Amino acid sequence: MSIASELQRKIVTARLIGFGFFGLFVVGLFLPKGSLTQALRLVPFIGVAATALYINAKAVCPKCKQRLPQERYGLGLDKNLHRCPGCGLDLDAAAAPKE
């Protein structure tokens, strides 16, 4: 698995979880009004914010920690990205094995 595909997998997974939290918000709009409903409407906002922060923390070069460009309206990294803009690390190279 390459560095880029590993980063892509993490970003797409987090983005889909964020979409799930947004779906939870939409479902909460149709629930009957009550104090529990008000609390449940806050959870999706926290979830979407947490996934956005996670993506900002994970979409970085593993060597120099510079932020990598993402697709403007897509789910993951820019498709034309093959090297880190900061240090030139080849993102198509094999990722270090997990221990």
Among the numbered criteria (1) surrounded by fewer than 12 Cβ atoms within 10 Å (Cβ to Cβ); (2) in contact with a helix residue (DSSP H, G or I) (Cβ under 8 Å, 6 or more places away or on another chain), which single criterion is violated by Leu40? (1)
Kindly evaluate Glu6 against the criterion of being of a type in the set (Asp, Glu) and modelled with pLDDT of 85 or more. yes
Val26, sole failed condition from (1) open to solvent by 60 Å² or more (accessible area, probe 1.4 Å); (2) modelled with pLDDT under 90: (1)
Single condition Leu31 does not satisfy, out of (1) surrounded by 14 or more Cβ atoms within 10 Å (Cβ to Cβ); (2) of a type outside the set (Val, Ile, Thr); (3) free of Cβ contacts under 8 Å to residues at least 24 places away in the same chain; (4) touching a Ser or Thr at 6+ places or on another chain (Cβ under 9 Å): (1)
Pick from region 44-99, criterion at pLDDT 85 or above, of a type in the set (Lys, Arg) and more than 30 Å from Phe25 (Cβ to Cβ), ranking: surrounded by the most Cβ atoms within 10 Å (Cβ to Cβ): Arg83
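The values are calculated or read from the model by the stated rules, or taken from the named source; none is laboratory data. Since the model is a prediction, treat every value here as computed from it, not as a measurement. Methodologically, a virtual Cβ is constructed for each residue, glycine included, from the backbone with ideal geometry; neighbour enumeration extends over all protein chains shown. Ligands, DNA and RNA are stripped out before the accessible areas are found, and what is left, the full protein with its side chains, is counted by its heavy atoms. Shrake-Rupley method; radii C 1.70, N 1.55, O 1.52, S 1.80 Å.
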